[in-house]
Amino acid sequence: MSGELELVRVWFCSSEADFARLLGRTLGPQFELHFGSETAPPDNGQTSVVLVDLRDSAGFLKRGLELIDQIQQGDLPPAVIPMLSSENEALRHAVIDKGVYGTVNCPPEIIPLRALIERAHTWARMRRQADGLTRSGPRHQRVGNLIVTSQAMQKVVLLARKVAACDVTALITGETGTGKELVTRAIHEMSGRSNGPFVAFSCANLPESLVEDELFGHDRGAFTGAVGPRAGRFEMANGGTLFLDEVGDLPLSSQAKLLRVLQERSFERLGSIAPQSVDIRLVCATHRDLEQMVREGTFRQDLYYRLNVMQIHIPPLRERPDGIPALAQAFLERFSQQFGKAVRGFSSAALKALQEHPWPGNVRQLENVIQRAVALAEGQSIEVQHLPFAEVAAARPAGPGDSYDEQVKNFKRRLVRRVLEESRGNKTAAARRLQVARGYLHRLIQQLEVDGRDASNPVPEEIKEIA
C-alpha cells in the first residue's frame, strides 16, 4: 500500500499506566495512544476511539462505567470500546446496552484489536463527515424543507431559483419519491407569491368527474348530493401557487379544460356558467414521459407546450449517492427526536450499504428505511442489521472468510445474473425489472464481472423471491 497511513488517536481510560504504555508500544506507530486514569478525552474532535479498561483485575470497573456514560452524553462522541475479562458476559451485555461501538477480550489479540480500532476510527470519521454535511458546509443547504446535499440537487435548486424569480408555468419531472413537491414548495417560498396560498393536488387514479370537481369546485345542485357551493383547488390557490402532481394521469377531457384555464385565466364551477378569474402560478409534476404520451395520443400536445415553459428534472437518488449520508443523517436526527431515542449516527458499514443501495423508491424510501432503523436501534448507532435490505443480503449464510463487502458483492452478482438470464440478455428489460437506469446496470455488470463464468453459481431460492 503506497502513501502514508492515517494516524489514529486513541484515548485509553485505565488505572494501570504500565499496561497503557505496553499497549501503546504493541499497537504500533499508526496509533497515537493517550492515557487517562480519571478523565474522559477532551471534547475537541481529535480523539476518534476510546478504550476503557473494565478488566476484573484493573479495579477500574465503577469509574470506567461512569466514564462511558459521560462520553456517550457528548454531542458527537467518539467510538467507545471497553476491554473486558473474557468470562464476564453479564458486563459485556451491560456495556453493549450503553451503545458502545464494540468490545474486546483481554488479553487482546493485537491484529484483531488493530482492525477493530481502525473500523471504529472510520465509523467515527464518517459520522463526523455526515454531521458536518447535515449542519453546514458547501455541499449542504436547506431550501424550505428541501435538503440539498449533492451537486446534482444544487443544480436543481439553482434552476428552481430562476423559475421562482419569473412568474411562469413549470413542469417538474422525475421518478416517484424524488421530492417533486418539495421542489415546488421551494419555488413557491422563493417567489413573489410566498405570502399567498400553496395548494397541492394529485391527479393520480381519480375518475374524471371527481378530478374536475376537485379542480374547479361546484355550485349547489350541480349533481346529486351537491347541497351547497364548494370551492375547487384553482379557487383556493388564487394569488398563490397550485401544484398538480401526476398531471400525466389527467383524462383527455380534463386536459382540455386545464388548457382553457391556462389560456383564459378563468374557469367555471361545475353547474355554473359564471366565469371566475384566477391568478395563480401553476407547477405540474409527473414521473411519466409526456413526450411519449403526446406521440401516443394520450396527452394533448398543446397542453404539453403550455406546461413545459420551464422544466426541472430531479435525478433519482441512485444517481446522486454523494448526498445520501447527509440526507440519512437529517432523517435520523428527526426520527431520533420524534421517538425520544439517543441514536446519533451510522456505522461505516451501514453508511456504505445506504450508498450502494439502488433506491427504487428514491428519497421517500430512504426516509422510511431510516425511520424503521431508528425504531429498531437500541444503542447510539444505526448498524447494517437495522436496514431491511441487509436482511436479504444476509439470506445466504456467509462463508468463514466472507467480509461484509464480499457478501454484498456476491449477492448483487447473483441477482443481476438471474435477472439477465430471465430477460434473455435484454439489458433494457433487465434494468426495468430491477428498477434501475440502463447505464447503472451496465456499470454493475462491469463492476461485478457478470458473465458466463458465473453460470456455475446456483441462485438461492430466497433471492428468487425478491425480484
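The values are calculated or read from the model by the stated rules, or taken from the named source; none is laboratory data. Keep in mind the model is a prediction, meaning the values are calculated, not measured. No Cβ is skipped: glycine too gets one built from the backbone with ideal geometry, and neighbour counts run over all protein chains shown.
Observations, loosely collected:
- Qualifying residue in region 22-29 (condition: in a helix (DSSP H, G or I) and more than 18 Å from residue 113 (Cβ to Cβ)): no
- Among all positions in region 428-436, there is at least one residue which is touching a Lys or Arg at 6+ places or on another chain (Cβ under 9 Å), surrounded by fewer than 12 Cβ atoms within 10 Å (Cβ to Cβ) and either closer than 19 Å to residue 287 by Cβ or at pLDDT 50 or above (or both).
- Filtered residues of region 256-277 (kept if of a type in the set (Asp, Glu) and buried (at least 16 other Cβ atoms within 10 Å of the Cβ)): 268
- Just one residue in the set 340, 345 is over 21 Å from residue 436 (Cα atoms) and surrounded by fewer than 16 Cβ atoms within 10 Å (Cβ to Cβ); that residue is 340.
- Search result, residues across region 223-272 that are of a type in the set (Val, Ile, Thr) and more than 21 Å from residue 198 (Cβ to Cβ): 224, 227
- Within region 91-112, residues that are surrounded by 16 or more Cβ atoms within 10 Å (Cβ to Cβ) have Cβ atoms under 6 Å from residues that are of a type in the set (D, E, K, R) and not in a helix (DSSP H, G or I) in these pairs: 106/55, counting only partners at least 6 apart in sequence or on another chain.
- Residue check for residue 81: in contact with a helix residue (DSSP H, G or I) (Cβ under 7 Å, 6 or more places away or on another chain), buried (at least 17 other Cβ atoms within 10 Å of the Cβ) and part of a helix (DSSP H, G or I): no
Yes/no per residue for (1) closer than 18 Å to residue 14 by Cβ; (2) at pLDDT 80 or above; (3) assigned to a loop (DSSP other than H, G, I, E, B):
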| position | (1), (2), (3) |
| --- | --- |
| 102 | yes, yes, yes |
| 112 | no, yes, no |
| 121 | no, yes, no |
| 126 | no, no, no |
| 137 | no, no, yes |
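- Helices (runs of 4 or more DSSP H) fully within region 217-326 counting 2 or more residues that are of a type in the set (Lys, Arg): 252-264
- Yes/no for residue 419 being of a type in the set (A, V, I, L, M), under 24 Å from residue 124 (Cα atoms), modelled with pLDDT of 65 or more and not assigned by TED's automatic domain parsing to the domain that holds residue 338: no
- Residue match in region 89-98 (condition: assigned to a loop (DSSP other than H, G, I, E, B), in the same structural domain as residue 70 (by TED's automatic domain parsing) and at pLDDT below 85): yes
- Filtering 335, 331 for residues that are modelled with pLDDT of 90 or more, crowded, with 20+ Cβ neighbours inside 10 Å and not β-branched (Val, Ile, Thr) leaves a single hit, 331.
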